[in-house]
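The values are calculated or read from the model by the stated rules, or taken from the named source; none is laboratory data. In this text the structure is predicted, and so the values were computed from the model without any measurement. With ideal geometry, Cβ positions are generated from the backbone for all residues, glycine too; neighbour counts draw on all protein chains shown.
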């Protein structure tokens, strides 16, 4: 017998030995397909459980955390092109904290998120939360103040806009805001009706001749949502220039046209000649058919990340803000919204529409009110 024959014989002997040693019941339990391709175990067909049910991938997302990540991405993108660019968030102070898995009642600052922003804008903290000029519910104010304290203690500037114009109440609002060291503005109208400078007080409180270079320098501000009341861009910007506010919050557009870089430069100087900050508001949680990025064939469900319309605003839609397509449109290239704002010369943005994360959680105001009472 040659070497190859001896090796084959030894190998066959080892295999026979292994099979002889293996218990018969172990072999009987090994699954094997039958003639029809079914799996059989111990002589029985496995139960046919039918087609698998596909899980909704969005159900696995932490909606609040996805919004934090989006804001952080915007911050990184903006500061890549302008390091001094200021990021403010609007309302939704709940995103300032996270809750431990073990103790759901013990909040901790969301530090990565907090470090990506420079300020927060709270609306209706003391007056005008739901009804213009009416005091905000005490339970709501208390809850917001606790979260605002977290922001302030972590170096985030707190700005407050309340909706009130009765002089006695305006004075009370400024007194309360000052007691908490907040930067405040009493708005005499809401939404697009906020289209003129306030008549009381006529001049900014804590008016200053200093140059304003960042949010930590800001002591007062004014917000104008529609500047067309003052005429064309040149007339509007000259009117705003003729004030000494430290910060102007304005819309990117003047009517249908974006503010020019020259117009923004005019806005960036106070009447006394000192520099100030000029910021615009941008909605990152909804898409509107009247915005420049809207395409003619877009509608609810097409693209798939466009969801239901906003209540009371059928031309505005919730968006799946975590989707790359939407995020790229906001801050992902030199064609994005944020890049355009930087190119116009703005010093920063106020990110609004962030409450859309609550929509995808299925929350509404009644549920939120109930949580505040607990």
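Within the stretch 183-200, the residues that satisfy the criterion of being surrounded by 14 or more Cβ atoms within 10 Å (Cβ to Cβ) and more than 27 Å from the chain's Cα centre (by Cα) are 196, 197, 198. Of the listed requirements (1) without any contact (Cβ under 8 Å) to a residue 40 or more places away in the chain; (2) surrounded by fewer than 22 Cβ atoms within 10 Å (Cβ to Cβ); (3) in the same structural domain as residue 159 (by TED's automatic domain parsing); (4) under 25 Å from the mean Cα position of the chain (by Cα), residue 248 misses just one: (2). Restricting attention to the stretch 241-254, the residues being out of contact with any strand residue (DSSP E or B) (no Cβ under 8 Å at 6 or more places or on another chain) and in a loop (DSSP other than H, G, I, E, B) number 2.
Filtered by the rule that a residue be exposed (fewer than 13 other Cβ atoms within 10 Å of the Cβ) and in a helix (DSSP H, G or I), the stretch 172-182 gives 175, 179.
Looking at this structure, is residue 108 in contact with a strand residue (DSSP E or B) (Cβ under 6 Å, 6 or more places away or on another chain), assigned to a helix (DSSP H, G or I) and either more than 20 Å from residue 355 (Cβ to Cβ) or assigned by TED's automatic domain parsing to the domain that holds residue 84 (or both)? So residue 108 fails the test. Quick one: would you say residue 227 is in the same structural domain as residue 181 (by TED's automatic domain parsing) and within 28 Å of the chain's Cα centre (by Cα)? The answer is yes for residue 227. Every condition in (1) part of a helix (DSSP H, G or I); (2) under 22 Å from residue 191 (Cβ atoms) is met by residue 121 except one, and the failing one is (1).
Would you point out the residue of the stretch 302-327, among those that are modelled with pLDDT under 95 and outside any strand (DSSP E or B), that is surrounded by the most Cβ atoms within 10 Å (Cβ to Cβ)? Checked the stretch 302-327; the qualifying residue surrounded by the most Cβ atoms within 10 Å (Cβ to Cβ) is 311.
Evaluating residue 160 against the criteria (1) out of contact with any strand residue (DSSP E or B) (no Cβ under 6 Å at 6 or more places or on another chain); (2) part of a strand (DSSP E or B) leaves one unmet condition, (1). With respect to (1) within 20 Å of residue 219 (Cβ to Cβ); (2) touching a residue at least 40 places away in the same chain (Cβ under 8 Å), the lone exception for residue 190 is condition (1).
A single member of 210, 165 is touching a helix residue (DSSP H, G or I) at 6+ places or on another chain (Cβ under 9 Å) and either surrounded by fewer than 19 Cβ atoms within 10 Å (Cβ to Cβ) or not assigned by TED's automatic domain parsing to the domain that holds residue 127 (or both), and it is 210. Here residue 180 fulfils each of the conditions (1) under 20 Å from residue 245 (Cβ atoms); (2) in contact with a helix residue (DSSP H, G or I) (Cβ under 9 Å, 6 or more places away or on another chain) apart from (1). In a residue-by-residue description of the stretch 255-272, the property of being part of a strand (DSSP E or B), assigned by TED's automatic domain parsing to the domain that holds residue 327, touching a residue at least 60 places away in the same chain (Cβ under 8 Å) and touching a strand residue (DSSP E or B) at 6+ places or on another chain (Cβ under 8 Å) applies to no position.
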